[in-house]
Each structure stands twice: as structure tokens, then as C-alpha cells.
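Just so it is clear, none of the values below were taken in a lab; they were calculated from the coordinates. None of the values given here were measured: they were computed from a predicted structure. As a convention, Cβ positions derive from the backbone with ideal geometry for all residues, glycine included, and neighbour counts pool all protein chains shown.
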Amino acid sequence: MTRILEKISLLGLSLLLISAFSISTALPPMLDYYSPTFSAAQVELLVSVPSFSVVAMLLLNSFIDKWLSDRQLIVTGLLLLSSAGIFPFFVQAYPLVLLSRIAFGMGIGLINAKAIAIISQRYQGKERVQMLGIRGSMELIGGASCSLLVGQLLKIHWTFAFLIYGFGFVILIMYLLFVLSMEQVEKKQITKRKQVLNKKDLGMIIGMALLAGFVICINSSISLRAPLFQVAGKTIESGQSALVLSLEQGIGIVAGLSFASLIGHFKNRLLPIVMFLLAVCLFGMSVAGNLPILILSSVGVGFFYSIILTIIFNRLSESIARNLLNKATAYVLLGCNLGSAISPYVLKLLALISPSFSWIFLAYAIVSFLLFLGFFLNAKMAKKV
């Protein structure tokens, strides 16, 4: 029972990682409250500003990791996330709310990499693979649950939307009660075995970060282009595009839960297989002649994109020494954030060639297919060696 509670507590660390934008549905009443003193852009900044502090904390990860133990880092992160998260419920002064949202992002940034790395540090073999897959699902479940709760709390008042972050205190209590500190003897052994990342490690981490950034860029592009989804050259209705987007994102939960069985069956062949299927689904989105084909293709993209991300974190856990996993994970998460940040600019760049909806996803399909060929040939060469 203690083992199960420990797993639940560790998985709980991922529940609020993608919750920063969950309060976006509170923007209309927030705009009414703060206008005309503050512009719409300033109010919208309250939703997006945590992303900047998340990136800042990931960049500082190596430095912070030297000064704080795993337990101190997670406790500090959860306290920041929770207390700063609910602050706007009590105080609505814009400058203070802005500062609280920055602090909230810092809290997420502190635990972001550790929530992933800690699983690889504590579990091995099939158990680790299962936990990494479920962890990915927990992120999506947490994000979806927060969005649903915000919708209900908005019926009371917009400030109540921020109470969702109070759940961080529950996660903190569970972590303190059920997750034991790693034994110091084990930590010393790990440190002696490997102190720094070598060139091979860095090359692999950079490659994984770029791949993660690419698939995140695809997913962000789908979110940005949801209102412009087309079937047979005609833009579909807003309700239909919302359905496509929700299914595309929701299927990630299934992907996380099925990851262990997929990696167990296909092993190292899984990445090239999934890259090929991602390319096929992106091509399907670009040429969809009816709504079912568009839905099927977009759901496929959501599924395979989630599998690729979990493969990346699983590969890190297999290749990087445990005491360096937090640093390696932080680098990959920087790639994820970069992929999301550049997606609007990638769309603008692609629009210079052709503004059509089909071309955007055809271009992504071509790049995905080229990556498949690269992974496939690399696997073939590795077999010969």
C-alpha cells in the first residue's frame, strides 16, 4: 500500500504542470474588471507570463540543482506554485497579480524537470516505463480537469478560478507523507560513477530536445490552426473544429497508458514506426476529403506525438546517469518550450510559400517522413555494427 501511495504522490507532481493556461476562459470577466485602466494585452499577459518564468527556471536548473536537494526543490516548487497560484483569489491589484503569476511559473519551472526525472531515478525496467507513460497521461488529465473546474468556478466569480491551484497543497502533503528521501549512500555512489555529461550524452540530449521541439511545434500549430481546419478545401464549423481539437488532445491520455505495452512489443523499432505513422496522419490532415478522415488523422497525430515525447524521456532514463537526469530533462523541456514558442513563426514562414491549410500539414508530413528515414537507416546501421 505504501508503494502505491508513493507512486500516486510522484505522479501527482505532473497534474498541474500544464495548468497555467487553464484560467484562460476567465479572460472575459478579467478584461471587464481591469478595463479601462489596463489594456487587453496587459490582462492577457496574466495568462501567458508564467511561460516565461518556467523557461527562466529551466535555464537556471543546473545552478539550482547544486544548492537544493530533490526534496527541497520539489517542496519549494509546490509551495510557490500553490501559494502564488491562489493569490489572485485574495488580492486583485494588477501589479501584485502579475508578480504572483510570475512566481507561479517559477514554481512550475522548479518541479517541471524533476517530476519527470524523479521517476527514472526511483524506478527501473518495466515499472519505470509504465510510470513514464502514466505520467504523461497525468499531465493531460490535470490540464483537462483544471479547465473543467475553472468553467464551473467562473459561475461564482472570476477570482474563484484561481482556487484550482490550491490542489498543489494536497500534492505537497501527499509528497511529504508518502515519498521517502533517496538514501544518501545511493546518491554518493551515483555521483562517483559519473559527474558530468560527456559529448555523446550532450549530442543525444540535443537531438532529443530538437525532436521534442519539433513534435510540440506540430501540436501547437494544430491548436493555432483549429479555427481554420478544412475538409475538401472548405473551412469546417467552429463546433466541429473544437471537437477535432479536443479529441486530438484527449487521445494523449490513451497514448500514455498504452506506452508500456507498445515499447515492450516494438522496443527500439517503436520510434521509426511512430514517426512514419505521424507522417501518414499529418498527410491525412492535409488531404482530408471529409470530417471523419480529418478527425481520424488529427487523433492519430495526437496519439503518436504523445508516444514520441514519452519515448524521448524513456531514452534519457536509459542513457543518462541518474544524478544528471534532472539536468538532461531540463534541456529537453527547453526544447519543448522553444517548439511551442516558435510555432506561430513557423506558420508564418510556411505561409510565405503557400497560405493554404493543406500545405502546412503537408510540410510537417514531409519533415516527419524524412526523420523516419533517418531513424530507420540509423537502426539498420546499428544492427550491422
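Here the 3J(HN,Hα) profile of region 292-303, calculated from phi with Karplus coefficients 6.51, -1.76 and 1.60 at θ = phi - 60°, is x, 5, 5, 5, 4, 5, 5, 5, x, 4, x, 5 Hz, Gly and Pro shown as x.
In this structure, S48 and F376 have a Cβ-Cβ separation that, at R0 = 56 Å, corresponds to a calculated FRET efficiency of about 0.90. Residue-wise HN-Hα couplings along region 364-379, as the Karplus relation 6.51 cos²θ - 1.76 cosθ + 1.60 with θ = phi - 60° gives them from phi, are 5, 5, 5, 5, 4, 5, 5, 5, 4, 4, x, 5, 5, 5, 5, 5 Hz; Gly and Pro carry x.
Along the chain, the exposed loop sites are GluC sites (Glu not before Pro) outside DSSP states H, G, I, E and B with at most 14 other Cβ atoms within 10 Å, and the longest stretch free of them is 1-182. Label zone (I353, point 7 Å along Cα-to-C-beta; backbone nitrogen cut-off 17 Å) within region 287-311: 287. Extension gain, V196 to L210: 0.36 nm times the residue separation minus the Cα-Cα distance gives 2.9 nm. What the Cβ-Cβ distance of A321 and I366 gives, at R0 = 41 Å and to the nearest 0.05, is a FRET efficiency of 0.65. For the residue pairs K7/K267; K7/K66; K199/K267; K327/K348; K234/K267; K126/K200, the alpha carbons lie more than 29 Å apart in K327/K348; K234/K267. With a Förster radius of 25 Å applied to the C-beta separation of T2 and T25, the computed FRET efficiency comes to 0.05.
Taking a point 7 Å from the Cα of L247 along the Cα-to-Cβ direction, the residues of region 267-293 with backbone N closer than 17 Å to it are 281-293.
With point charges of +1 on the Cβ of Lys and Arg and -1 on the Cβ of Asp and Glu, referenced to the Cα centre of region 2-182, which listed residue (A93, G77, P28) lies farthest in the positive direction of the dipole? Working it through, the farthest residue towards the positive pole turns out to be G77.
For the chain, adding -39500 (n - 2.57) for each run of n ≥ 4 DSSP H residues and dividing by the number of residues yields -27500 deg cm²/dmol at 222 nm. Label separation (K267 vs D32): 6.1 nm, computed from points 7 Å beyond Cα along the C-beta direction. Size descriptors for the chain: radius of gyration and Dmax over Cα atoms are 21.2, 68 Å. Compute the label zone of I156 within region 87-102: residues whose backbone N is under 17 Å from the point 7 Å along Cα-to-Cβ. What the label zone holds, given the 17 Å backbone N cut-off, is 87-92.
GNM remark for the chain: springs join alpha carbons under 10 Å apart, and the peak mean-square fluctuation among A84, A40, A321 falls on A40. For the pair region 307-363 and region 42-63, the centres of their Cα atoms are 18 angstrom apart. Local charge sum around I205 (other residues, Cβ-Cβ under 12 Å, Lys/Arg +1, Asp/Glu -1)? Result for the neighbourhood of I205: +3.
Only Lys, Arg, Asp and Glu carry charge here, each on its Cβ (+1 for the first two, -1 for the last two); on that basis the chain has a dipole of about 1520 debye about its Cα centre.
Here the spin labels are modelled as points 7 Å beyond Cα on the Cα-Cβ line, and at K66 and L163 they lie 4.4 nm apart.
By its C-alpha gyration tensor, with a ≥ b ≥ c as the square roots of the eigenvalues, how is region 242-306 shaped: rounded for a/c under 1.5, else prolate for a/b larger than b/c, else oblate? Since a/c reaches 1.5 but b/c is at least a/b, the shape of region 242-306 is classed as oblate. Near V231, the amide H atoms lying under 5 Å from its own belong to I236; only residues 5 or more places off or on other chains count, and H is placed 1.01 Å from N.
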